[in-house]
Amino acid sequence: MPVNMKQLINLVAKEDWPFTQGHRLCPGCNAPMVAKWATMTAKALGYEPVVGAATGCLEVSTTIYPFTAWNVPYIHNAFENVAATISGAEAAYRSLKNRGKLKTDKPIKFIAFGGDGGTYDIGLQSLSGAVERGHDFLYILYDNEGYMNTGNQRSGSTPPGADATTEPVGKVKTGKVQFKKNIVEIIGAHENVYAATASTSDPFDFMAKVEKGLKHEGPAFIAVLAPCVRFWRIPESDGPKITKLAVETKYWPLYEIDRGVYKITRKPRNFKPIEEYIRSIGRFRKALQHPEYKEVIEEMQKYVDTRWERLLKFEEATKGMYLR
Amino acid sequence: MPKYDSWKEMPIAGVIDKPATAREYNTGTWRIMRPIVDKDACINCMQCWLYCPDMAIDGIVKEDGKTEMVGFNYDYCKGCGTCAKVCPVNAITMKPETEFLK
Ligand SMILES: Cc1ncc(C[n+]2csc(CCOP(=O)(O)OP(=O)(O)O)c2C)c(N)n1
Ligand code: SF4
Ligand code: SF4
Ligand code: SF4
Ligand SMILES: [Mg+2]
């Protein structure tokens with residue numbers, strides 16, 4: 001049975017919040033929701049989470065020396081290597097355990113958090129390495145589609161048409177032209193890995209995936225769409241509303257690849273046009289004033305439609321065909 | 001915040017040797033809009049509790065097994081309004097802090 005609301009409330013009453021008040025992420029930022037839900041799920045399942053975070057808004061704003069919002073063991077190393085760092089901690093744990101040198105027999109689980117810059121781009125090599133070596137850890141990407149802590153530079157995750165300081169919308173270009181790198185497919189292509197997408201619009205879908213990832217013996221990866229209210233230019237209250245629209249417009253399908261087997265975890269009954277999503281987010285506003293904006297929207301619509309059709313076919317084709 | 005008599009007592013490598021010290025800093029001072037709940041309308045579904053990015057809503061499971069949204073922790077609530085947005089029955093309204101100035 002997946003974790004439920006009562007279990008979470010009881011956990012906080014008994015053991016306190018694993019991720020606490022007093023962090024300095026912007027009001028309404030969706031990154032702390034991801035940290036809160038993931039650590040609560042691990043705790044509610046009886047695990048002791050050990051957390052690592054890559055440099056980025058979540059890391060910077062939760063550990064302003066000498067303060068920390070983490071109520072669980074936590075390590076930060078650098079921008080590009082949270083997966084390497086957590087895999088080292090996990091290897092040390094396994095070694096100590098094998099040699100009978102651990103004083104606790106509580107099951108410890110290793111969780112790494114990284115932003116999209118730290119995951120799609122600079123941290124990809126260390127992540128691929130840790131997954132390939134088969135470490136038992138869960139990597140959670142909070143995807144806000146840009147290098148937000150340093151002021152909205154484009155990343156491999158920024159969507160086309162979004163205004164970013166390093167790829168601004170101008171008279172000629174409509175901002176970034178490339179679509180988001182498909183990070184879940186990249187990680188899902190490794191051996192014995194559980195990889196999934198999630199969204200802040202659906203905490204219970206996310207927490208069920210966290211549970212699966214933690215129980216999976218080996219590497220697990222979850223990419224959570226988690227808006228930066230500041231640079232997406234949306235109201236502070238609207239993160240989850242926007243990510244709901246992302247799911248309903250096929251912009252961000254909720255699915256998993258469990259050792260090669262595809263499963264769509266939420267199938268909206270009716271889809272909305274991608275234009276509705278684009279029009280609700282301020283960072284597309286400039287592109288919408290560009291003479292070529294219609295083409296950008298058409299291209300995106302075609303892309304998300306095709307990707308959805310492919311997903312349905314992958315789901316059908318891979319049924320029961322688990323790779324190792 | 002830990003107090004040291006000398007820098008020599010500080011843990012090496014920026015280690016913070018006490019968890020959850022961020023609570024010593026009140027983010028509630030950032031707030032310009034204050035969430036107010038109408039408990040007559042609230043159905044205690046706990047969505048606001050689950051979503052609050054600042055853990056600024058208190059909740060309990062009562063003896064009869066039902067959940068209850070207890071209220072806001074204004075020491076930390078940043079006034080983002082997410083709780084009001086996710087509430088299925090619109091039981092939370094956001095009011096300007098100026099209304100609460102004495
Ligand atoms: C090697 C290195 N290059 C650049 C930086 C500066 N830097 C700090 S945070 C950051 C952006 C992080 O972006 P992302 O991973 O998407 O996280 P976000 O801040 O968006 O949450 C950058 C470029 C750094 N700390 N280390
Ligand atoms: S800049 Fe964006 S990602 Fe960073 S804390 Fe603010 S809202 Fe969150
Ligand atoms: S306004 Fe924001 S910070 Fe305050 S209680 Fe509501 S969700 Fe939490
Ligand atoms: S979301 Fe609304 S109805 Fe649900 S507990 Fe909070 S205030 Fe009450
Ligand atoms: Mg980012």
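Please treat every number below as a calculation from the coordinates, not as lab data. Given the structure is predicted, the values throughout are model-derived calculations rather than measurements. Here the Cβ is made from the backbone with ideal geometry for all residues, glycine too, and neighbour counts use every protein chain on show.
Observations on the model:
- Point-charge dipole on Cβ atoms (K/R +1, D/E -1) for segment A:242-281, about Cα centre, debye to 20: 140 debye
- Separation in nanometres of the label points that stand 7 Å from Cα toward Cβ, at B:K39 and B:D5: 5.0 nm
- Taking one quarter of the surface of the C-alpha convex hull of segment A:204-266 gives a mean projected area of 5.1 nm².
- For chain B, the dipole from Cβ point charges (+1 on Lys and Arg, -1 on Asp and Glu) about the Cα centre works out to 260 debye, to the nearest 20.
- Taking segment A:203-279 and dividing mean pair separation by its residue count, relative contact order in percent (alpha carbons under 8 Å, at least six apart): 20 percent
- Taking 0.692 mPa s as the viscosity and 37 °C as the temperature, the Stokes-Einstein diffusion coefficient of segment A:1-99 based on its alpha-carbon Kirkwood radius rounds to 224 µm²/s.
- Estimated distance in nm for a label pair at B:E97 and A:E292, the labels positioned 7 Å out from Cα along Cα-to-Cβ: 4.5 nm
- Stretch gain in nm, segment A:D305-A:N270, where the contour uses 0.36 nm per residue and the Cα spacing is subtracted: 11.3 nm
- Two-decimal ratio, segment A:49-159, of alpha-carbon radius of gyration to 2.2 N^0.38 Å: 1.12
- Relative contact order (%) - segment A:5-317, alpha-carbon pairs under 8 angstrom, separation at least six: 16 percent
- Label-to-label distance, A:T104 versus A:E48, with points set 7 angstrom from Cα along the beta-carbon direction: 0.2 nm.
- Taking every Cα-Cα distance in chain B and sorting them into 10 Å bins starting at zero, the pair-distance distribution P(r) comes out as 14, 36, 24, 16, 10, 1 percent.
- When the helices of chain A are scored as -39500 (n - 2.57) per DSSP H run of n ≥ 4 and the total is divided over every residue, the value at 222 nm lands at -11500 deg cm²/dmol.
- 21 Å Cα-Cα reach of A:K97 towards lysines, excluding residues that sit fewer than 8 places from it in its own chain: A:K43, A:K106, A:K109, A:K215
- Relative contact order computed over segment B:38-102 (Cα-Cα under 8 Å; 6+ residues apart), in percent: 34 percent
- Subset of A:K267/A:K294; B:K39/B:K85; A:K241/B:K95; A:K103/B:K18; A:K244/B:K85; A:K263/A:K319 violating a 18 Å alpha-carbon distance limit: A:K267/A:K294; A:K241/B:K95; A:K103/B:K18
- The percentage of C-alpha pairs in the protein assembly as shown whose separation is greater than 30 Å is 43%.
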